[in-house]
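The values are calculated or read from the model by the stated rules, or taken from the named source; none is laboratory data. As the structure is a prediction and not an experimental result, all values here were calculated from the model. Cβ placement follows ideal geometry from the backbone for every residue including glycine, while neighbour counts extend to all protein chains displayed.
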Amino acid sequence: MKAADNETNHLMTVIACIIIASFILFFSAGCAKKPDNQPTEISSGSEPAPVFCGFYTNGSGPSSSYTSLAEHWPYMQEISPLWYYIWGDGTIEEEIDQQALALAREKNIKVIPLAALAYNRSSVVLTEPTARQTAVQNIIRIMRDNNYDGINIDIEIVKSAGRDYTPEMDGFTQFIKELAAEMKPSGQRLDVCLVPLVDPPADIAQIYDYQAICGLADRAVLMAYDYHRKGTLPGPVAPLPWVEDNIRAALAAGFLPQRLSLGIPSYGYDWPENGTECDIATMKNVSDLMEERGLSASWNDDAKTPCLVCGNREIWFENDRSIEGKTNLIKKYRLVGSSMWRLGYDNSSFWHVIGKLIAGS
């Protein structure tokens, strides 16, 4: 009877272990499920799929950022809304779209707002220590009060002819350094928008010390657009070779691929023939125009972008083919993902390309 009892006890122990293991597997599988809009693993399983971030601006109507967010949110893991404006004395003006904030949180989309320089001119907030520290503390308060996932510093200064911007460059680096030190305990993410190094827009001051910033920011957005823009002759807004040159330059300066997001445009510009004054030409508007009038665009093989001649107008824009060329660079250089300016300029073909990117195909 003693041997039988031992066998019975052993069998009961085995059964109990199987039941406990089944419960553990069941509950752990449930806990591990990712929200529908979060990036999955790429097909190789070796690294996360690229992350998509949509830049957001306030406004209403069919081309509004909110309309795009509400329709296409499953493609987004993050949004960076332009809700904060930094003044020269370090005070910050806010314009929060509460409806967009509520939707993003409902859909488990990270919110990392943009903080931009008011009117892109008042650089004293960078060069005057008291104003700079005031801005830093105000940003910390804003993130604490709103429980954001981070902040994206998008400081661009409209250049004045003949000025030396070395003080602003040093001040910007110090600003990011001080902000990074304050944010470190919270674990919130510090993003920085960067104007390209190679052939940057001539009207924007180059105040970005890439090598210093790469050791301070958690992520950088390379704003690889506006190669041609208002004030230039007609041409592509983001020619592919130029985009790739700037990715290489950022990586050579020290940015790790997993901390670099490629800024891509969902727009171009509409110029009069041989003119320099132009209007925004969004992907949505150009595709609608072509469909309504039965027009077709030509393909510029040097820039890898389309161009449409309509009467005496010359429209350089983006389409699914040109966007896919840029997303292929994201995969080629294993960047963390893409950041698109801006939600509301897009059309269905844009999201088709982004869907393939985040699916790893």
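Yes/no per residue for (1) within 25 Å of A161 (Cα to Cα); (2) modelled with pLDDT under 95; (3) touching a Phe, Trp or Tyr at 6+ places or on another chain (Cβ under 6 Å):
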{"residue": "P200", "(1), (2), (3)": "yes, no, no"}
{"residue": "I207", "(1), (2), (3)": "yes, no, yes"}
{"residue": "Q211", "(1), (2), (3)": "no, no, no"}
{"residue": "R219", "(1), (2), (3)": "no, no, no"}
{"residue": "Y225", "(1), (2), (3)": "yes, no, no"}
{"residue": "I247", "(1), (2), (3)": "no, no, yes"}
{"residue": "L251", "(1), (2), (3)": "no, no, no"}
Checklist outcome for this item: Note on A202: of the conditions (1) over 20 Å from A303 (Cβ atoms); (2) touching a Lys or Arg at 6+ places or on another chain (Cβ under 9 Å); (3) not in a helix (DSSP H, G or I), unmet is (1)
Checklist outcome for this item: Among helices (runs of 4 or more DSSP H) completely within the range 235-336, the ones holding 1 or more residues that are more than 27 Å from S361 (Cβ to Cβ) and of a type in the set (D, E, K, R) are 283-293
Checklist entry - Where in the range 40-146 are there strands (runs of 3 or more DSSP E), lying wholly inside it, with at least 3 residues that are within 25 Å of P265 (Cα to Cα)? => result 51-56, 78-86, 114-117
Next on the checklist: If I ask for residues that are of a type outside the set (D, E, K, R) and under 19 Å from D191 (Cα atoms), which ones from the range 116-133 would you list?
Outcome noted: A116, L117, A118, N120, V125, L126, Q133
Next on the checklist: Against the condition β-branched (V, I, T), loosely packed, with under 13 Cβ neighbours inside 10 Å and modelled with pLDDT of 95 or more, how does T130 come out, does it pass?
Outcome noted: yes
Checklist entry - Could you give every pair whose Cβ atoms fall below 7 Å, whose first residue belongs to the range 250-264 and is in contact (Cβ under 8 Å) with a residue 40 or more places away in the chain, and whose second residue is among the acidic types (D, E), counting only separations of at least 6 or pairs across chains? => result R259/D218
